[in-house]
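**Q** Before I ask anything, let me first share the structure, which is written out below as structure tokens.
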Amino acid sequence: MEAEGMPYHWPADTDFAYVELDVLDRDCSVCGRRMYVCDHRHRRLHTLEGPLHLTCKLNHCPDPHCRGRATTKSPELECTIAPPQWAIGWDVLVWIGHRRFSRHWAISQIQAELVDTYGIKLSERSISRYAEHYQTMLAARQQDSERLRREYEGTDTIILTIDGLQPEKGHEALYVVRELTRKRVWFAEALISATEDEVRRLIAMAKEQAQALGKSVKLWISDKQDAFVKGIAAEFPGVPHRYCGNHFVRDLAKPVLEADSHAKVQMRRKVRGLRGIEQAILKQERESARDHRVMIEPEAALPALPVPVQEGTAALSSGAQVVLDYSAAVRGILNDDQGGPLQPPGLRMAEALGEVRESIQRNLNAKKGDSRNGN
Ligand SMILES: [Zn+2]
């Protein structure tokens, strides 16, 4: 993947979303004092929502004599956005995995689609490696329990998360159970229908794993969808279950995008009648063109063909052309659905329509000035 070789090159004008992550529990695990932020670690990665600049606030114990001082704690939730070293978020990984293994796309096809649809440029080699990661993750249930045990030596309590990642609307979602203190994916499984029973089965698997390791789960974190809440309450009675603040993009963006989409509908409703205006202009032009042609070229008296907008622009009077140009511009604005929560399309639409209005006003003012000069 990119991070293992050359650092990923981000163009200078990349429009990042900035997100800061803090540690969940800021009490020193040795002395219990409140830790403070001693450093910031920055990383940049691709998500399907756009480029993300992640700032991880690193904490350590304020007491120079405390053993806990030496270990810096980094935000636990970081690995729910992307594991260390990755240049892509989970959403992109799942998107790649789904295209590769469920739909059998070629790596080159995945590469092209990532650029075209999401503006994400990855080398074929990187994509292959991410696809391998995806496969490994799905096979993680068969992982070496001895190795896992070694990795969890010295860890008393663990924090588990469960997340359903949908690669595509209407498709099976990939359910991932992660352990945050060691930043590990415990297992992942694609569920076609995530019924309460199916989800509970996954949570029970996590319970078995924790028991096999002899660790107690001090916290569960999820986006608290119903099946998670019920399954965790049933399998882990008494264990706190926290809402994951890390579903920020998805969950915070939702109301923003909904409001934005509503605004867009309102604007589209208000700015209408483009076709009528265009047809009127074209008809008018056609008629004057026909009158004109009849005089000079007899064959033009044949039944008139509709004047195509794109061609024959020279045949249009400059006034008609201006109206058609504005009309095309406004149609382009109304149909522009690009943008995400950080650049809501509706907001852009409002700005663009405002510009058109100003431009028309400028032209009208200029014209007034002209006519006063008898032009
Ligand atoms: Zn301490």
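**Q** How many of the residues in segment 117-157 are β-branched (Val, Ile, Thr) and part of a helix (DSSP H, G or I)?
**A** Number satisfying all stated conditions: 3.
**Q** Let me ask something additional. Identify the single condition in (1) within 16 Å of the ligand (Cβ to nearest atom); (2) open to solvent by 20 Å² or more (accessible area, probe 1.4 Å) that Gly68 does not satisfy, given that it satisfies every other one.
**A** So Gly68 meets the others, but not (2).
**Q** When only residues in segment 38-49 that are in contact with a strand residue (DSSP E or B) (Cβ under 6 Å, 6 or more places away or on another chain) and more than 30 Å from Asp156 (Cβ to Cβ) count, which is nearest to the ligand (Cβ to nearest atom)?
**A** His42
**Q** Any chance you could count how many residues in segment 10-37 are within 13 Å of the ligand (Cβ to nearest atom) and part of a strand (DSSP E or B)?
**A** So the count comes out to 3.
**Q** May I pose another question? Inspect segment 288-300 for any residue being closer than 30 Å to Phe16 by Cα and at pLDDT 70 or above and give the result as yes or no.
**A** No, segment 288-300 contains no residue that is closer than 30 Å to Phe16 by Cα and at pLDDT 70 or above.
**Q** Just for segment 98-116: of the residues that are modelled with pLDDT of 95 or more, small (Gly, Ala, Ser) and part of a helix (DSSP H, G or I), which one is surrounded by the fewest Cβ atoms within 10 Å (Cβ to Cβ)?
**A** The qualifying residue surrounded by the fewest Cβ atoms within 10 Å (Cβ to Cβ) is Ser108.
**Q** Just one of the numbered conditions (1) surrounded by 15 or more Cβ atoms within 10 Å (Cβ to Cβ); (2) within 16 Å of the ligand (Cβ to nearest atom) is not true of Cys56; which one?
**A** (2) is the only condition that Cys56 fails.
**Q** Can you give me the number of residues within segment 127-148 that are at pLDDT 90 or above and among the small types (Gly, Ala, Ser)?
**A** 2
The values are calculated or read from the model by the stated rules, or taken from the named source; none is laboratory data. Worth saying up front: this structure is predicted, and the values here are computed from it rather than measured. Quick reminder, even Gly has a Cβ in these numbers, built from the backbone with ideal geometry, and neighbours come from all protein chains shown. Heavy atoms of the whole protein, side chains included, go into the accessibility calculation; ligands, DNA and RNA do not. Shrake-Rupley method; radii C 1.70, N 1.55, O 1.52, S 1.80 Å.
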